[in-house]
Amino acid sequence: MKANASFSILVLVVLTCAPRCIMSQQQRRVNMTLVRNASSIGACKFSQIVIPIKLISIIIKKNVKIAWTEVRRRIILTGDLGRARATGSCNLRLKRTIMHVIIQGGGWCNDVKSCLGRASTRRGSTLHMSKVEVFSGILSNNASFNPDFYNWNRVKLRYCDGASFAGDAVFDNGTSLLYFRGQRIWKAIIHDLLPKGLGQARKALLSGCSAGGLATFVHCDDFTSYLPANASVKCLSDAGFFLDARDIAMNHSMRYFYKSLVSLQGVEKNLNKNCTSSGYPELCFFPQYVLPYIKMPYFILNTAYDVYQFHHILVPPAADPHGHWYRCKLNPKDCNAVQIATLQGFRRYMLETLRPFYMNSTSGGMFINSCFAHCQSESQDTWFALDSPRVHNKTIAQAVGDWYFSRRISKEIDCAYPCDSSCHNQLS
């Protein structure tokens, strides 16, 4: 254990005070590094091998034999906990730190088969992850492309636990052995960042895309608890407002999916306690049920026709066995009148769900556009560009900046499809 104490969670870090820190490029490529001492809080464990090699999440018992050689040679194993990438600006002093932590997305797994399957992909092992990440959009360090957040310290957490960094359980049926350590991984990364500036932050933003966006709902208030009491801490979800909606076959497909996920990965104990006391704790993995209990200022960035939700919540494959929605899924112009009406009903349900937040939250913000897309904050073309999506002539970057810096109320809701010609649709 001691000999391997330096191995831990993989993160991406770029030293920030070299002259080339100020860049004119639209994108920046960032390498990964390690989060150290993750084993001290139980984030790293690999079957019977007691060494902190695993920023685990999913670990397969049959791989125990290769653990030693894999770890020593590459520090990469199936089921690694995940990496983070970080970069910062040149002219920020530690006591005046401004920090942006963004959580990568990548879906979930809710049963043994799907979780084992993830272990051999980039969503479950650092062995298959890219070693370099592009920082653009809200992560850009160029003021021309990211006017409000370009000079922030930025950390991107690599995602591989399959439960939005909320799992904490062990599954062993005698054949397969799985460790779910998302919650411990989250804590290990945060503890690693505290002495590097997060603990002295005067401004901080926690954001995430997709499953990472959902993770911000889970961890927003917890994230705030690590920072100084006088810090301005806010949270943003990009394409993470997954709805508890019926599919076209009138089944609660996503509800059943989340229920099995919460049970398998031991998520319930890490969900908002005020929400879980309602009697249906598994529902608190849905943002719409936990949002009323979040104390910190929150911004919801979502498309009303989110492509992932369109394809997996509203029209999952099991609900359309004959492919009647096939062409509509590829191009909304090919949807018939009934399908368009169904999509408009999904949009109305999202807006109805968000109405209490829209009406009552004095510190919240939102940008709900009518595009067929999924995740818009990390792509330069959708974040801040000449042809970026707009609602009321405001880009996403402008709306988020207005909200974070309290320049004005920032709650933008688009008209219904097909009125918005500024969309960058992502249906293919």
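The values are calculated or read from the model by the stated rules, or taken from the named source; none is laboratory data. Small disclaimer: the values here were computed from a predicted structure and weren't measured. FYI the Cβ positions are ideal-geometry reconstructions off the backbone, even for glycines, and counts take in every protein chain you see. Note: accessible area is taken over every heavy atom of the protein model, side chains too, but ligands, DNA and RNA are not part of it. Shrake-Rupley method; radii C 1.70, N 1.55, O 1.52, S 1.80 Å.
Volume per residue, Å³, of the convex hull around the alpha-carbon atoms of the stretch 235-303?
Per-residue hull volume (Cα only) is 97 Å³.
Please list, in chain and number order, the residues 5+ apart from Ser232 or on another chain whose amide H is under 5 Å from its amide H, with Hs placed from the backbone.
Here the answer is Lys203, Ala204, since their amide H atoms fall under 5 Å of that of Ser232.
Give me P(r) over the stretch 186-254, computed from all C-alpha to C-alpha distances, binned every 10 Å, as integer percentages.
20, 40, 23, 10, 7, 0
How many nm is it between the label spots at Ala385 and Asp111, if each spot is 7 Å from the Cα in line with the beta carbon?
Simple spin-label model gives 4.0 nm for this pair.
What is the local net charge at Tyr404, summed over the other residues whose Cβ is closer than 11 Å to its Cβ (Lys, Arg +1; Asp, Glu -1)?
Taking every other residue near Tyr404 into account, the sum is +1.
Tell me the carbon and sulfur percent of the accessible area for the stretch 272-428, rounded to whole percent, probe radius 1.4 Å.
54 percent
I'd like the antiparallel share, as a percent to the nearest 5, of DSSP beta bridges with both residues in the stretch 133-261.
Approximately 35 percent, going by the DSSP bridge assignments.
Among the aspartates and glutamates, which fall within straight-line cross-link reach of Lys234, defined as a Cα-Cα distance under 17 Å, with same-chain neighbours fewer than 8 residues apart omitted?
Of all the aspartates and glutamates, those that pass the test against Lys234 - Cα under 17 Å, at least 8 places apart if same chain - are Asp148, Asp221, Asp222, Asp402.
FRET efficiency for Ala416 and Met359, Cβ-Cβ distance as r, R0 = 22 Å, nearest 0.05?
Efficiency computed from Cβ-Cβ geometry: 0.65.
Ignoring solvent entirely, what values of log10 I(q)/I(0) come out of the Debye formula for the stretch 125-267 at 0.19 Å⁻¹ when each Cα is a single scatterer?
-1.28
Across the stretch 312-327, in residue order, what do the Karplus-derived ³J(HN,Hα) couplings come to in whole Hz, using 6.51 cos²θ - 1.76 cosθ + 1.60 with θ = phi - 60° and x for Gly and Pro?
Result, rounded to whole Hz: 10, 10, 6, 10, x, x, 5, 8, 9, x, 9, x, 4, 9, 4, 5.
Counting only residues 5 or more places away or on other chains, whose amide H sits under 5 Å from the amide H of Lys411 once H atoms are built in the peptide plane?
Excluding prolines and chain starts, which carry no amide H, the hits are Met366.
Quick one: compute a quarter of the convex hull surface over the Cα atoms of the stretch 289-428 and quote it in nm².
9.0 nm²
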